[in-house]
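Please read the structure below before turning to the comments.
Each value in this text was obtained by applying a stated rule to the coordinates, not by laboratory testing. Treat the numbers as computed from the prediction; the structure is a model and nothing was measured. Here the Cβ positions follow ideal geometry from the backbone for every residue, glycine too, while neighbour counts run over all protein chains shown.
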Amino acid sequence: MRQRPGKSVWWGWLGGVLLVNAAGAGADMTGGTMSPLHNPLPAEVSASSVQYAVPDVTLVRQDAAHVSLLKEMDDGRPVVLNFIFTTCGSICPLMSQVFGQFQRQLGPERAKVHLMSISTDPEEDTPLRLREYAAKFAAGPGWEHYTGTLAASQAAQRAFDVYRGDKMSHTPVTLMRAAPGKPWLRIDGFVTADELLQQYRQLTAAR
Amino acid sequence: MIRNHSPRRLHGLALLVACAWLVSPRVGASSAGEAIYRAGILPSGAPLQAEREAGLQTEGATAACMNCHRRSGLGMKEGHRYIPPIAGIYLFHPRAGTVDDLDLPFVEGMKADRDPYTDATLARAIREGIGADGKPLSVLMPRFKLDDAQMAQLIAYLKSLSPGTVPGVTDSVLHFATVMTPDADPLERKGVIDVLAKFFDDKNHYTRAQSPRLRSSRRMMFKVNRHWELHVWQLTGAPQTWEAQLRAKLAAEPVFAVISGVGGKTWAPVHHFCEAESLPCLFPDVDLPVDAEADFDNLYFSKGVLLEAQLMAHDLETKRAALKLRRVVQIYRKGDVGQDAALAMRAASGGEGVQFVDRGLATGAGKLELAQALRAMHTGDAVVLWLRPDDLAALGAVPAGVSLVYMSGRMGGLERAPLPSAWRNSTVMAYPFNLPDRRRVQVDYPLGWFRIRQIPVVAEQAQADAYLACIILSDTVNHMVDTFVRDYLVERMEEMLEHRILTGYYPRLALAPGQRFASKGGYLVHFTEATGQRVAAMGEWIVP
């Protein structure tokens, strides 16, 4: 069950904090340290601004291209990132549905936002399976799915502090970054597409 | 009042709960409720519709209850979340103070301090996402669009899911079977039965020690001391008669699950039998499993020769241009698993620009026919050897013009394959296991166990696999506490397997719903010397 204060209060407040954080980013944030946003939410969703050191690992995109995680993230667009696996029954389908709706709500703007979904079960999730999964959630251009070696996937999961030892122990996490070098907004818990869109607007406005 | 109950009274309570479900509508194996629950299909054939928070629509298989609550209806744990059990007894039980006070088989995520659902409040939960206590359910729970008739069918099905009497499980004994096909390698069969029998002996030796036969945690009862009994189901005759034989054996000797086993040229009848009977069939040693990941009851360590075909096809693709490969000649014995593997190889290869030629040897064909199958080779030919050790040992000279040779490690005997020296330079072996050097510690453990128990090692990989299957079964049964439900056994294995540290011949094992092969990849290796058993990997672990 989710209990939330009025959304306008929360988002307005969050936006303010993000502006402050963005301004002070260089001074007090180092790789991997977390700066909580004093989230007023008592319930399941929390947001924080974090700097992550992203490892330069090679991943395999759904089109079978071998790509650098760093380069995929630093292509100039804002990045919205999550971790999924294609045989996941409960959490991932909901997160992917939200990504799909978020992308549709972006409309013509969608190509300017890079949605990235990295598999936490790369041995099972071949590029073909990723393509089938992406089609199931009507992923449009700009939303890429990634697999790779087990080591590469785990390195990416560790870098974003979502590695929990095995794929079934995962929790819903969405990460968002306005531009290379900026801190990541980490959202733990289930967000709706509307909330994600508002987050995105706040974050990119703060840029 | 609760603390001072007698065992007799407990049984009376259990009986009352059980009776409540006997009077509910009986639900057949393929009921309308089951189709809604498992496949998200309404009786009309239309997809089940549901809505999530914020208007997200979901339908059909994606909306099926089974995705989260699992086939058993006993729920699961994902991350920090428990997906609660929704098998009837867990929904309709009277409110209790704590989980200890529930007289129900233990599963994680069961709730005690909640008013029982009624059919009406359950329908509200399913349609509106409001729990028995009037509070909203988890954000993960969709709101389903079901009319009254469909709702009644679904609720009847949920009631039918409740754990009850399970074949092969008695108060004092857990029965398991292992299946041996008549064409299984006799040495391998003996070696595997030795391991299974000794494992069961050991298990019973320890559990029969002087420990209390029953332990109770207040009202919840645990039986801590069950005897394990192994039934060896030796099949005879032609494969088309095996399913009938298996049905007769199951009727005569009801078992909870099939563990390990050894196959020969085909395993399909055993697979289909287990699927039809909803009987878990766990990790048999077979070269050619049935590749059907939509099936549920059959779990395998790997895809065997089908995986080897994928590994070879993957490699072929990377070398095709450089070696100017134009033709792939596949050699196998007709009726052996190589014939199926050759088909899989052809299917796995893109096929563009490469011609596939099959040269099947008749069952009784000798050295002469084998030599003939290798004649008329041209530059740009690759050869694939789907051959057993006897045929490998009988190979003559490498035909002129052949630039690349693949061989099946599983069929040929891995590093023990008697591949003649002349072939060793050009031959790439598919090796769907961890490398000898890297699995040493993993395999020394079962080997040490065999040595202490004086079990002759006659088929190392098959015996190590049998031991691993037993350990996995034993660990899983421990974690099931006393909740003996066949589907739940499979589900717990899916969840637990990834945590294993000792994984025998495999670098890593993992399953999930819809994943039926625990080890997904393999190596390509070559012999480093003209004789002997030293092999070296030609690259990293490949997941084709």
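Net charge within 15 Å of A:V173 by Cβ-Cβ distance, Lys/Arg positive one each and Asp/Glu negative one each, not counting A:V173 itself? Don't skip to the end; give the middle numbers.
Working: positive: A:R158, A:R164, A:K167, A:R177, A:R186, B:R81; negative: A:E44, A:D161, A:D188, A:E195, B:E78.
Counting the neighbours of A:V173, the net charge comes to +1.
Computed from the C-beta positions of B:A292 and A:A205 and an R0 of 45 Å, the FRET efficiency is 0.30 to the nearest 0.05.
For A:E44, B:E352, B:E529, B:E308, which order do you get if you count the other beta carbons within 10 Å of each Cβ and list the fewest first? Numbers along the way, then the final one.
Numbers: A:E44 19, B:E352 7, B:E529 11, B:E308 31.
Fewest to most other Cβ atoms nearby, the residues stand as B:E352, B:E529, A:E44, B:E308.
Couplings 3J(HN,Hα) of the range B:52-67, computed from phi: 9, 4, 6, x, 5, 9, 9, 8, x, 4, 5, 8, 4, 4, 4, 3 Hz, in residue order, whole Hz [Karplus 6.51 cos²θ - 1.76 cosθ + 1.60, θ = phi - 60°; x for Gly and Pro].
State which entries of B:K190/B:K520; A:K71/A:K112; B:K190/B:K265; A:K167/B:K77; A:K167/B:K159 exceed 21 angstrom in Cα-Cα distance in the structure shown. Where the Cα-Cα span goes over 21 Å, the pairs concerned are B:K190/B:K520; A:K167/B:K159.
Averaging sequence separations of C-alpha pairs under 8 Å and six or more residues apart, then dividing by the length of the range A:95-207, give the relative contact order as a whole percent.
Values: 117 pairs, mean separation 30.3, N = 113.
Averaging sequence separation for qualifying contacts and normalising by length gives 27 percent for the range A:95-207.
Summing Lys, Arg as +1 and Asp, Glu as -1, what charge do residues with Cβ under 15 Å from the Cβ of A:R131 carry, A:R131 excluded? Computed value for this residue: -2.
The mean sequence separation of alpha-carbon pairs under 8 Å and at least six residues apart, normalised by the residue count of the range B:382-485, gives a relative contact order of 21 percent. What the phi angles of the range B:449-454 give under the Karplus curve with 6.51, -1.76 and 1.60, with θ = phi - 60°, is a coupling list of 4, 5, 5, 4, 9, 6 Hz, glycine and proline written as x. At the listed q of 0.12 Å⁻¹, the Debye profile of chain B, built from one uniform point per Cα, gives log10 I(q)/I(0) equal to -1.15.
Put simply, the amide H of B:V328, placed in the peptide plane, has neighbours under 5 Å in B:Q355, B:F356, B:V357, B:A382, leaving out anything fewer than 5 places away on its chain. Sparsely packed loop sites in the range A:117-207 (the chymotrypsin sites (Phe, Trp or Tyr not before Pro) outside DSSP H, G, I, E and B with at most 12 other Cβ atoms within 10 Å) do not occur.
Taking a straight line from the alpha carbon of B:K145, these aspartates and glutamates sit under 20 Å away, with near neighbours fewer than eight places off in the same chain left out: B:E34, B:E51, B:E53, B:E59, B:D119, B:E128.
With both labels modelled 7 Å from their Cα along Cα-to-Cβ, the B:H227 to B:T318 distance reads 5.5 nm. Annotation: amide H-H contacts under 5 Å for B:V232 (H modelled 1.01 Å from N, sequence separation of 5 or more, or interchain): B:T178.
Relative contact order, whole percent, for chain B stands at 12, derived from Cα pairs under 8 Å and 6 or more residues apart. Overall, the ratio between the Cα radius of gyration of the range A:82-140 and 2.2 N^0.38 Å, rounded to two decimals, is 1.10. Please state the shape class of the range B:337-425: rounded when a/c is under 1.5, otherwise prolate if a/b exceeds b/c and oblate if not, all from the C-alpha gyration tensor. Since a/c stays below 1.5, the shape of the range B:337-425 is classed as rounded.
Close amide-amide hydrogen proximity is noted between B:Y406 and B:V383, B:V384, B:L385, B:V428, each under 5 Å apart and 5 or more residues distant or on a separate chain (H modeled in the peptide plane; Pro and chain starts excluded). The phi torsions of the range B:395-404, fed into the Karplus equation with coefficients 6.51, -1.76 and 1.60 and a -60° offset, translate into couplings of 5, x, 6, 6, x, 4, x, 6, 9, 8 Hz, rounded to whole numbers, with Gly and Pro shown as x.
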